[in-house]
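The values are calculated or read from the model by the stated rules, or taken from the named source; none is laboratory data. The structure displayed is predicted, hence computed values, not measured ones. Neighbour counts run over all protein chains shown; Cβ positions are idealised from the backbone, glycine included. Protein only, heavy atoms only, side chains kept; ligands, DNA and RNA dropped before computing areas. Shrake-Rupley method; radii C 1.70, N 1.55, O 1.52, S 1.80 Å.
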Amino acid sequence: MSAKEDAKGRRPGKGKAKWIRILLGVGYWVQGFRCFPWMAVNFFLKDSVKVDSSTLQILQNSVNLPMVGKPIYGVVSDAVYISGQHRVPYIAIGAFLQAMSWLTIVILSQSNISIVTLSLYLLLSNLGASVAEVANDAIVAEMGKSENSQSASSGELQSFVWMASSVGGVLGNLLGGAAIDRFSPQSMFIFFGLLLVLQFLITISVPERSLNLPKSPSNVGIRKQLSELSAALQKPEIAYSIAWFAASYAIIPALTGTMFFYQTQYLKIDAAVLGISKVFGQVVTLLWGIIYNRSLKSVQPRKLIETIQATMAVFMISDVLFVKGIYRQMGVPDSIYIVVFSGVLEVLFFFKILPFSILIAQLCPRGCEGSLMAFVMSAVALAFIVSGYLGVALASYLGVTGNDFSGLPLSLLIQAVCTFLPLFSSSWIPDQKSKTRTE
């Protein structure tokens, strides 16, 4: 019998890969499906709570503040074991917090729920999502460092979870666009809350030992973990890469709330069209994961990220032409443009994450995968929040409101210029990912 086979002749790696794919597949699928209740939140705030575009965008970004705390959750999950496990319990805790939040919102929204109360429970939901994402990302990073893991070799596991999240996003947006006109927001919140309960039950049924994760000392301590994270961040190739990546998002003034009002209030675009637009974007995201896994893994990360950044700017310039009515004059219906171009632009922001996460996983020293990946996603979350606040400031400065969009073309043009700026410092990203792996 081969030394690589157990007493029953089975290769242990196959069982391990099965449990990992179940746990991560469900986790990332639910993560992608989070767009389903959030579509209802946007319409609930606009139509029921009657907020304006600036308030909507401020709330959208403010409730993401728990995402900034990801390094703390990462350090805790790396250092603090619960019943001998330090990944699966945190995924379960995250699912539980989310389920409790959404189901509580349903109960409270039967009466007149205040925007402050709603924001607090959305914050709690995002806290749960952050904790679960940190644990999921840490498992992916750990398996990416495992030389014997066939499921993680050459970024295959990263592509798998990327596609699982994309499939969840496709279904979430497709069902959300159809449900928003047929069901109340509360019904959509209930559905997602029950889905999270199901994720919780699946997660607690998976023993962490079945994943065969790389072992690290269970008594390492939070102080030691922080020291290791600090040491990792002092490596120039890691520090410069993360700094550039976060800045490439933060420098762009996001106009999501303004565009939502422009499409729904000014153009009177139906919610189903917005749902289809997001579905189209998620399908493109799914195709991106497949294409990257099959054809682009050998491309230098810097070149790939630069190309994506430039493409984002081009699409933003296209939005300027759209708002000015150029495409309408050419015979292109607004709904077609929103489905295709707006759908793609929305997900282009996230295309850079796949090659960058694989690069960071290879740069990451062993033992602090959860902490470092959490720090990266925290930096990205903070960058998105800064971007959102900059967008509110820009729209306010140019006089763009929920009823006056005369300054929107100039706002979009400034947004495009800001997107080009990071290209001048992209040398901060290492050239060869094959030469940067840290043992």
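Over every Cα atom in the chain, the radius of gyration and the widest Cα-Cα span, Dmax, amount to 21.8, 75 Å. When only alpha carbons are used to place a centre, segment 341-420 and segment 242-304 end up 10 Å from one another.
Remark on segment 220-429: hydrodynamic radius 18.6 angstrom, per the Kirkwood mean of 1/r across alpha carbon pairs.
For the chain, carbon and sulfur atoms together expose 64% of the accessible surface, with a 1.4 angstrom probe and every protein chain in place. Heavy atoms of the protein chains alone define the surface here; on that basis segment 311-360 has 38 Å² accessible area per residue at 1.4 Å probe size. Here the average projected area of the convex hull drawn through the C-alpha atoms of segment 36-79 stands at 3.8 nm². The calculated Kirkwood hydrodynamic radius for segment 355-435 is 15.6 Å, given to one decimal from all distinct C-alpha pairs.
Sequentially through segment 79-85, phi angles give Karplus couplings (6.51, -1.76, 1.60; θ = phi - 60°) of 9, 9, 9, 10, 6, x, 10 Hz, Gly and Pro residues having no value and appearing as x.
Lys/Arg Cβ at +1, Asp/Glu Cβ at -1, dipole of the chain taken about the Cα centre: which of GLN186, GLY27, LEU122 is farthest positive-ward? It is GLY27, whose Cα lies furthest towards the positive end.
Just list whichever of LYS278/LYS352; LYS18/LYS70; LYS46/LYS352; LYS50/LYS268; LYS18/LYS278 have alpha carbons separated by over 22 Å in the model shown. Please report the intermediate quantities before stating the final value.
Values: LYS278/LYS352 18 Å; LYS18/LYS70 27 Å; LYS46/LYS352 31 Å; LYS50/LYS268 17 Å; LYS18/LYS278 30 Å.
In this structure, LYS18/LYS70; LYS46/LYS352; LYS18/LYS278 exceed 22 Å between Cα atoms.
For segment 241-293, what does the accessible surface come to per residue with a 1.4 Å probe? Please give it in Å². The partial results should precede the final answer.
Numbers: 1780 Å² over 53 residues.
Normalised by residue count, the accessible surface of segment 241-293 is 34 Å².
Working from Cα pairs under 8 Å separated by at least six residues, relative contact order for the chain is 28 percent. Can you show me the helix-derived [θ] at 222 nm for the chain, built from DSSP H runs with n ≥ 4 at -39,500 (n - 2.57) apiece and divided by the number of residues, rounded to the nearest 500. Only helices count here, giving -22000 deg cm²/dmol.
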